[in-house]
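Input: a single structure, listed below in structure tokens.
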Amino acid sequence: MMTSVATSGYAVLCRVCGDKASGFHYGVHACEGCKGFFRRSIQHNVKYRVCSKGDECLIMRINRNRCQYCRLKKCLAVGMSKDAVRLGRCPKKCKPQGLLMPSPPRSPAGDGDTSTLEDSQMKTEQLILSIHEAQKKTLWDWGILQCRSYNLLSQVSDNNNNNGDSILATRSKIINNLITNNFTASITRIISFAKLVPGFLTLDKSDQITLLKQGSLEILLVRLAHYLNTKEEGAKLIESCGSACQMLEECGLTSLKEIMLDVVDFAHKFKSLGIVTSEVGLFTAIILLSADRPGLKYPQQIEPLQLQVIQALQSQVMHNHPNDRSVFPRLVTRLSDVRQFSVINSDKMLNIFDAGK
């Protein structure tokens, strides 16, 4: 029976699913399950049924057999190759230090400690999966806003060629209405996301409302930044930021211009972290479960929920960024940037919302 790779009391994790690695297989540290799965897939040239969930399944130990298409995709993404060494030792210089986890202590009494640790890891994996699914189900397609904006603003230009003031006034009204409608739709989805975060609905009702009121704009910022950084339409929006800001200035929407610049600035900072959708979901759940919000009745009930998500995020970051230990602490520092954005721009958003009614 093969034992998992270990170094100085730490177990190396499988790069595919996060289970304990049994060795260096096909170019990466992998567990027996993923090694066998990859071998069978390559040897028999298996063509798996295309993923029904948009090729975005999160592959972890507890669900690795659920979607074979995404599992093979993950194997290839982390570097598994039929041309690589199938089994052997990895030189010390290439050992993925970021994928180390404490090995369970040996106890003469039996395997109780090991079982407890594995139960804890399974709960963490389930939390990661639950929040990832909540994130996917409640994302708002900001491309809809861009398409509507372009079409409506083009119509204004065509219908008001000879009246510059009329064009600007109409554009201003259209933009306010678009922002208001999309802001409302986005907040509705954030509320749906919150209800799917494990433990949120067990909190006091008034505390749920407080957390949503004070955290929604921050969550919206993170979601929008991730959209700008990962979608082609988002990249185009960043490229056109200069001309968009000029138009907002001409329409007298200075506050909206300032908000847009702050969003783009945060998006640039966020992009440097290179985090993925599952990590964004956990990050926004941490924002949601902030026990230091003013006006909370039972912050002591919220703190353990947030701590669980923080630990889950740390685990996920270690798995996804094994060679960069700075990602997690840098991500944590972004929490203060998010809070600062809310402090500066919440009143501006309320004014825009009122103007769009």
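Please go through the stretch 195-213 and give me each residue that is closer than 15 Å to Gln135 by Cβ and either part of a helix (DSSP H, G or I) or in contact with a Ser or Thr (Cβ under 6 Å, 6 or more places away or on another chain) (or both), ordered by number. Hits for the stretch 195-213 are Lys195, Leu196, Pro198, Phe200.
For Ile302, state whether it is surrounded by fewer than 21 Cβ atoms within 10 Å (Cβ to Cβ) and either at positive phi or in contact with a helix residue (DSSP H, G or I) (Cβ under 9 Å, 6 or more places away or on another chain) (or both). Considered against the rule, which asks whether it is surrounded by fewer than 21 Cβ atoms within 10 Å (Cβ to Cβ) and either at positive phi or in contact with a helix residue (DSSP H, G or I) (Cβ under 9 Å, 6 or more places away or on another chain) (or both), Ile302 comes out as no. Exactly one residue out of Asp337, Asp347 is within 14 Å of Leu273 (Cβ to Cβ) and either assigned by TED's automatic domain parsing to the domain that holds Leu261 or surrounded by fewer than 17 Cβ atoms within 10 Å (Cβ to Cβ) (or both): that is Asp337. Which residues, taken from the stretch 319-355, are touching a residue at least 40 places away in the same chain (Cβ under 8 Å) and in a loop (DSSP other than H, G, I, E, B)? Answer for the stretch 319-355, where residues must be touching a residue at least 40 places away in the same chain (Cβ under 8 Å) and in a loop (DSSP other than H, G, I, E, B): His321, Pro322, Asn323, Asp324, Arg325. Cβ contacts < 8 Å: first residue among the polar types (S, T, N, Q), restricted to the stretch 33-61; second residue assigned to a loop (DSSP other than H, G, I, E, B), any location; separation 6+ or different chain. Result? From the stretch 33-61, the pairs are Ser41/Tyr48.
Could you tell me which residue of the stretch 175-216 is farthest from Ile302 (Cα to Cα), considering only residues that are of a type in the set (A, V, I, L, M, F, W, C) and modelled with pLDDT under 95? Per the stated criteria, the residue is Ile175. For the stretch 55-81, the tally of residues that are small (Gly, Ala, Ser) and farther than 15 Å from Arg40 by Cα stands at 2. Set side by side, the residues Ser216, Ser192 differ, and just one is in a helix (DSSP H, G or I) and surrounded by fewer than 15 Cβ atoms within 10 Å (Cβ to Cβ), which is Ser192. Scan the stretch 253-305 for residues that are in a helix (DSSP H, G or I), more than 19 Å from Val332 (Cα to Cα) and of a type in the set (Ser, Thr, Tyr) and the total you get is 2. Out of contact with any strand residue (DSSP E or B) (no Cβ under 6 Å at 6 or more places or on another chain) and either more than 22 Å from Val343 (Cβ to Cβ) or touching a residue at least 24 places away in the same chain (Cβ under 8 Å) (or both): does that describe Thr210? Taking the combined requirement at face value, the residue satisfies it. Among the residues making up the stretch 224-240, those that are closer than 11 Å to Val263 by Cβ and within 14 Å of the chain's Cα centre (by Cα) are Leu224, Ala225, Tyr227, Leu228. With respect to the stated conditions, Val46 fails to be closer than 20 Å to Ala84 by Cα, outside any helix (DSSP H, G or I) and within 23 Å of the chain's Cα centre (by Cα).
Of all residues in the stretch 240-262, those satisfying the criterion of being hydrophobic (A, V, I, L, M, F, W, C) and either touching a Gly at 6+ places or on another chain (Cβ under 7 Å) or surrounded by fewer than 20 Cβ atoms within 10 Å (Cβ to Cβ) (or both) are Cys241, Ala244, Cys245, Met247, Met260, Leu261.
The values are calculated or read from the model by the stated rules, or taken from the named source; none is laboratory data. As the structure is a prediction and not an experimental result, all values here were calculated from the model. Here the Cβ is made from the backbone with ideal geometry for all residues, glycine too, and neighbour counts use every protein chain on show.
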